[in-house]
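Here's the structure we're looking at; comments come further down.
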Amino acid sequence: MYKKYICFIFLCNVIFSLCWFNIEKIADARQLSKPAFQAEEPLEERIETSVVMDESRAVSPQRVVEVNVLESARESLSNEDYDILLKIVESEAGGEDEDGKLLVANVILNRVNHPKFPDTVKEVVFQEEKGVFQFSPVADGRLYSVKVSDETIEAVDRALCGEDISEGALYFASRKNASPERMKWFDEHLEMLFSYGGHEFFH
């Protein structure tokens, strides 16, 4: 009977050992079946999202609006008028900064939109009064030889998009370069608004 008891205990130990071994194997298998990390989203989706985000940054709605406004504004002028506007701004304000160029473009466009002056850029720039041209680059021929800079193009495009910092000015003059008689007429007949760079602006 004592031997039976020992055999029974031994058999129980063997069964317990086998059960424990199987449990450990199952746990290991489950651990190996898990991924090392869990991605928040599939790689392909992350790549596609990144591309879409980059495209949205590259072409913003505001930029599209600005381009459309500029294209519409340019279409309101003939190619000849646009070319003349660039050249008169360059020849009058080539030594000014971009805002100085913008102001000259503003004056030209203010005249186009004013009932006292002609209705096109070309007619405004080449207007004569008692045989005298309104703008000295037309009189001395500088208008025909200037090389238009990128900054001038930017300034003119700003003006065409509606940016106006001229306070409604219809005239400008460089006091140091104009004749005393001409500046006397400006001072006696016009209201000086402000000066910027090398020009004084009048209404």
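The values are calculated or read from the model by the stated rules, or taken from the named source; none is laboratory data. In this text the structure is predicted, and so the values were computed from the model without any measurement. Calculation scope for accessible area: heavy atoms of the full protein, side chains included, ligands and nucleic acids excluded. Shrake-Rupley method; radii C 1.70, N 1.55, O 1.52, S 1.80 Å.
Got a sec to turn the phi values of the stretch 124-138 into Karplus ³J(HN,Hα) couplings, 6.51 cos²θ - 1.76 cosθ + 1.60 with θ = phi - 60°, whole Hz, x for Gly and Pro?
5, 5, 9, 5, 10, 9, 6, x, 10, 5, 6, 10, 4, x, 6
Per 0.36 nm of contour for each residue apart, how much would the distance between Met192 and Asp83 grow if the chain were fully extended, relative to their Cα-Cα spacing?
Between Met192 and Asp83, full extension yields an extra 36.3 nm.
Distance from the Cα centre of the stretch 171-203 to that of the stretch 77-122, in angstrom?
17
Quick one: Debye curve from the C-alpha atoms of the stretch 71-147, no solvent, what's log10 I(q)/I(0) at q = 0.15, 0.16, 0.22, 0.26 Å⁻¹?
-0.50, -0.57, -1.07, -1.39
Before anything else, pin down the relative contact order of the stretch 145-203: Cα pairs under 8 Å, at least 6 apart, normalised by residue count, whole percent.
35
With θ set to phi - 60°, apply the Karplus curve 6.51 cos²θ - 1.76 cosθ + 1.60 along the stretch 76-91 and write out the HN-Hα couplings as whole Hz, x wherever there is a Gly or Pro.
Karplus-based 3J(HN,Hα) across the stretch 76-91 equals 6, 10, 6, 4, 5, 5, 4, 5, 5, 4, 4, 6, 5, 5, 5, 6 Hz.
Measure up Lys101/Lys147; Lys130/Lys184; Lys122/Lys147; Lys87/Lys130 against 22 Å on the Cα-Cα distance and list the ones that go over.
Correct reply: Lys87/Lys130.
I'd like the Karplus ³J(HN,Hα) series for the stretch 111-116: coefficients 6.51, -1.76, 1.60, θ = phi - 60°, whole numbers in Hz, and an x wherever there's a Gly or Pro.
Karplus-based 3J(HN,Hα) across the stretch 111-116 equals 5, 4, 8, 9, x, 6 Hz.
Hey, can you grab everything whose amide H is under 5 Å from the amide H of Phe172? Only 5+ residues off in sequence or another chain; H modelled, so Pro and N-termini drop out.
Those lying under 5 Å, H to H, from Phe172 are Phe202.
Hey, could you grab the Kirkwood Rh for the stretch 111-187? Inverse mean 1/r over distinct alpha carbon pairs, Å, one decimal.
Hydrodynamic radius (Kirkwood, Cα pairs) of the stretch 111-187 is 14.5 Å.
Using a 1.4 Å probe, what is the accessible area per residue for the stretch 101-203, in Å²?
Accessible surface, normalised per residue, equals 55 Å².
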